[in-house]
């Protein structure tokens, strides 16, 4: 009898353990994010996080200015005529808050020169700053408010990327961007926890983006996808503010994100929402897809006559090979594909000894000498490199020439989170992209300034 009671008690313990842990692991992520958003205040941010947020604002405005002469910007300027409003846009004009988020983010994203986070899923966290500038201007908020939103949005975005891969499932990382942006926007709009859940739900449930955006030959939509995610997050957050409800379990519901798209979603990463996500993100020294940053550094170290080169073998990790060295990347025909082409970036750098925006004009992309060198490049996955990614971003370039064999290995390019750019390098990038010294003085001291006035007064080239 006693043994039977013990056996029954053991069974109950196992049932309780399974039930409790199943519930804890499937707790609605939107609820956790909402609690986190409402727990954060500017006073809770460390000086280091505040400083990093300012660096991201400076960097975002810099790369946005560099995109002012791009073809899609001209398209967006024409489209803007159909979205008249009173929210100031970066570098001139006014529009509705949702289109302003789209417009600002498109400029920030277009050059593929803004910051990056690399984990199970990659992300460009500063894409959301376009939306934060829009809504902060709409509400006439201060710099300290946008810094709060950045700290929150970056933390949520980083955690989502740690939880699962979208890329390997055929979906695009901007799906996570819009959730992170919605969290930051919830803070700017001072949404309640319930309203924040609705904002997340209203942007996630209707808007799952496909990875086709970044497959094969790339189009203008490479930047447009992020811009649209910012637009959707802005629209959803404003709807939530005025009481529109969405599904209560956008992640854990029966037909929610986890059960339909990401059954491998690691809920546990959301058990430790802190404020250090931004410290794990990386800035770019060169205007290339992040996996090619080390490629540029390696290429600049190669001092050989190009005519003497017989072949070049590149060893790198799986993500780099898959994203920037698939078959179509040996024949780029536009800027969007060229900045995601490892062979083009390496060949150009070896020949020109530098890599800047002029690498993307037609003369360079179709240059016979560059194309000839590209045909000598082969890219291979190094499993040891794959295993260490993303703690490091190793690449090895092996050059065979008439003079012998040379090897260059770069483990972590300048700008990666464990080899960060200095403030002086960030300022140099800002100035090289057409910025002005007096603007930097304003942006480094943004806390008590009105965002609307800053956006209105920062001019183009």
* **Paramagnetic reach from residue 356 (point 7 Å along Cα→Cβ, amide N under 12 Å) across the range 414-436** => 429-434
* Asked: What whole-number value in cubic angstrom gives the convex hull volume per residue for the C-alpha atoms of the range 290-410?
  -> 88 Å³
* Asked: Where the centroid of each part is defined by its Cα atoms, how far is the range 199-252 from the range 306-333 in Å?
  -> 33 Å
* **Approximate spin-label separation residue 255-residue 47, in nm, with each point projected 7 Å along Cα-to-Cβ** => 5.3 nm
* Asked: Which value in Å is the Kirkwood Rh of the chain over different Cα pairs?
  -> 23.0 Å
* Asked: What's the FRET efficiency of residue 408 with residue 441 using the Cβ-Cβ distance as r and R₀ = 35 Å, to the nearest 0.05?
  -> 0.35
* Asked: Label 7 Å along Cα→Cβ of residue 244; the range 194-208 residues with amide nitrogen under 11 Å?
  -> 199, 202-203
* For the range 315-333, list residues with backbone N below 19 Å from a point placed 7 Å from the Cα of residue 381 toward its Cβ? -> 315-330
* To do: Normalise the Debye intensity by I(0) for the range 203-242, one equal point scatterer per Cα, no solvent, then take log10 at q = 0.24 Å⁻¹ and round to two decimals.
  => -0.80
* Report, in degrees rounded to the nearest 10, the 0 to 90 angle that the Cα long axis of helix 221-241 makes with the longest principal axis of the chain. => 20 degrees
* Asked: Exposure proxy check: 212, 392 ranked by fewest other beta carbons within 10 Å?
  -> 212, 392
* Expressed as a fraction of 2.2 N^0.38 Å, the rule-of-thumb size for a compact globular protein of N residues, what is the C-alpha radius of gyration of the range 28-280? -> 0.92
* Simple spin-label model, 7 Å along Cα-to-Cβ: residue 140 to residue 94 in nm? -> 1.3 nm
* Cβ-based exposure ranking for 116, 203, 333, in which fewest neighbours within 10 Å come first -> 333, 116, 203
* Relative to the longest principal Cα axis of the chain, at what angle does helix 143-163 sit, 0 to 90 degrees, rounded to 10? -> 90 degrees
* Most exposed first by the Cβ proxy, i.e. fewest other Cβ within 10 Å, how do 70, 165 rank? -> 165, 70
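Summing -39500 (n - 2.57) over the DSSP H runs of n ≥ 4 in the chain and dividing by its residue number, what mean residue ellipticity at 222 nm do you reach, to the nearest 500 deg cm²/dmol?
-15500 deg cm²/dmol
Every number in this text was worked out from the coordinates using simple rules, so none of it is lab data. Worth saying up front: this structure is predicted, and the values here are computed from it rather than measured. As a convention, Cβ positions derive from the backbone with ideal geometry for all residues, glycine included, and neighbour counts pool all protein chains shown.
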